[in-house]
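Engineer: Before anything else, here's the structure in question.
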Amino acid sequence: DTIMECGEITPLRTKALYNVGFYILAPSDNNIICPWRKWSKKYAEREWQWYLSANPSVVEIKKFAPVWDKMHGGDNIVNSNYGYQWMRNDQLNKCIEQLRQNSATRQAWISIFDGKEKDKYQFDTPCTLSIGFSIKPGTDALDMTVIMRSNDLVFGFCNDQYCFSNLQKLVAARLGLNVGTYFHFAHDLHIYDYHFNLKNV
């Protein structure tokens, strides 16, 4: 509603708000229940399992979401399998070890979008910039921050929050911690024109 009321119309057929951030206080409660959204937990879980595989090939996932077939140059390989990204150079395990060694560390961050790899982004540019983890001082709770360069509220965010909150749960379990809060920040949070009337359909 806020995007539709206050968002700016862009040349990319969207209405957008810029530099939007909000807390998800109970990340484990990650099911989208708005009936008009018609969110598919079954598909979101498939995407999560695909991330866990760390396989950048869309051969299987595109059977369930054909949009993935538009995001490669003919080889079925994409940059937006986030599991592939967070397992590159063992980023995820290094973050977990940093938190294990120093609960106050500010260095437990994973990078996804990498400006040094822009030449690889001809067909698929990752929407997520980075994911960071921290342990709330004086608690046994693992907090997480996700920073997006661009985020479609209807499709992208709904599936992203499911997968990222599952990642938070995974890291918390590895560390023997509870799940804390999840802060989600998007530079460009938008709705495409074909979803402008979604709530009224």
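The values are calculated or read from the model by the stated rules, or taken from the named source; none is laboratory data. Keep in mind it's a predicted model, so treat the numbers as computed, not measured. In this analysis, Cβ positions are derived from the backbone assuming ideal geometry, glycine residues included, and neighbour counts consider all displayed protein chains. Heads up: the accessible areas ignore ligands, DNA and RNA and are worked out on the full protein's heavy atoms, side chains in. Shrake-Rupley method; radii C 1.70, N 1.55, O 1.52, S 1.80 Å.
Engineer: Could you give every pair whose Cβ atoms fall below 6 Å, whose first residue belongs to the range 141-154 and is farther than 12 Å from Phe113 by Cβ, and whose second residue is open to solvent by 20 Å² or more (accessible area, probe 1.4 Å) and of a type in the set (Gly, Ala, Ser), counting only separations of at least 6 or pairs across chains?
Structural biologist: Asp143/Ser134
Engineer: Would you confirm whether any residue within the range 73-90 is open to solvent by 20 Å² or more (accessible area, probe 1.4 Å), touching a residue at least 60 places away in the same chain (Cβ under 8 Å) and out of contact with any strand residue (DSSP E or B) (no Cβ under 9 Å at 6 or more places or on another chain)? I'd like the intermediate steps shown before the answer.
Structural biologist: Of the range 73-90, the ones open to solvent by 20 Å² or more (accessible area, probe 1.4 Å) are 73-77, 79, 84, 87-90.
Pick out the ones that are also touching a residue at least 60 places away in the same chain (Cβ under 8 Å) and you get none.
No, the range 73-90 has no match at all.
Engineer: Can you tell me which residues in the range 155-201 are touching a helix residue (DSSP H, G or I) at 6+ places or on another chain (Cβ under 9 Å), under 15 Å from Lys15 (Cβ atoms) and open to solvent by less than 30 Å² (accessible area, probe 1.4 Å)?
Structural biologist: Within the range 155-201, Ala186, Leu189, His190, Ile191 qualify.
Engineer: Can I ask one more? Cβ-Cβ under 7 Å, sequence separation 6+ or interchain: first residue in the range 1-14 and in a strand (DSSP E or B), partner at pLDDT 95 or above and among the aliphatic types (A, V, I, L, M). Which pairs?
Structural biologist: From the range 1-14, the pairs are Glu8/Ala16; Thr14/Ile191.
Engineer: Of everything in the range 7-27, what is out of contact with any Asp or Glu (no Cβ under 8 Å at 6 or more places or on another chain), under 20 Å from Leu198 (Cα atoms) and open to solvent by 80 Å² or more (accessible area, probe 1.4 Å)? Give them in sequence order.
Structural biologist: Listed by number, the residues that qualify are Glu8, Ile9, Leu12.
Per-residue answers, yes or no, for (1) within 21 Å of Leu99 (Cα to Cα); (2) at pLDDT below 95:
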| position | (1), (2) |
| --- | --- |
| Asp152 | no, no |
| Phe157 | no, no |
| Ser165 | yes, no |
| Leu170 | yes, no |
| Arg174 | yes, no |
| His184 | yes, no |
| Ile191 | no, no |
| Leu198 | no, yes |
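Engineer: Just a yes or no: is a residue in the range 87-104 touching a helix residue (DSSP H, G or I) at 6+ places or on another chain (Cβ under 9 Å) and closer than 26 Å to Ala65 by Cα?
Structural biologist: The answer is yes; a qualifying residue exists.
Engineer: For the range 34-54, how many residues meet the condition of being farther than 27 Å from Asn79 by Cα and modelled with pLDDT of 95 or more?
Structural biologist: Residues in the range 34-54 being farther than 27 Å from Asn79 by Cα and modelled with pLDDT of 95 or more: 0 in total.
Engineer: Determine the pairs where a residue that is closer than 18 Å to Gln161 by Cα and of a type in the set (D, E, K, R), located within the range 34-62, has a partner that is at pLDDT below 95 and open to solvent by 30 Å² or more (accessible area, probe 1.4 Å) with Cβ atoms under 8 Å apart, the partner being 6 or more residues away or on another chain.
Structural biologist: Arg37/Leu198
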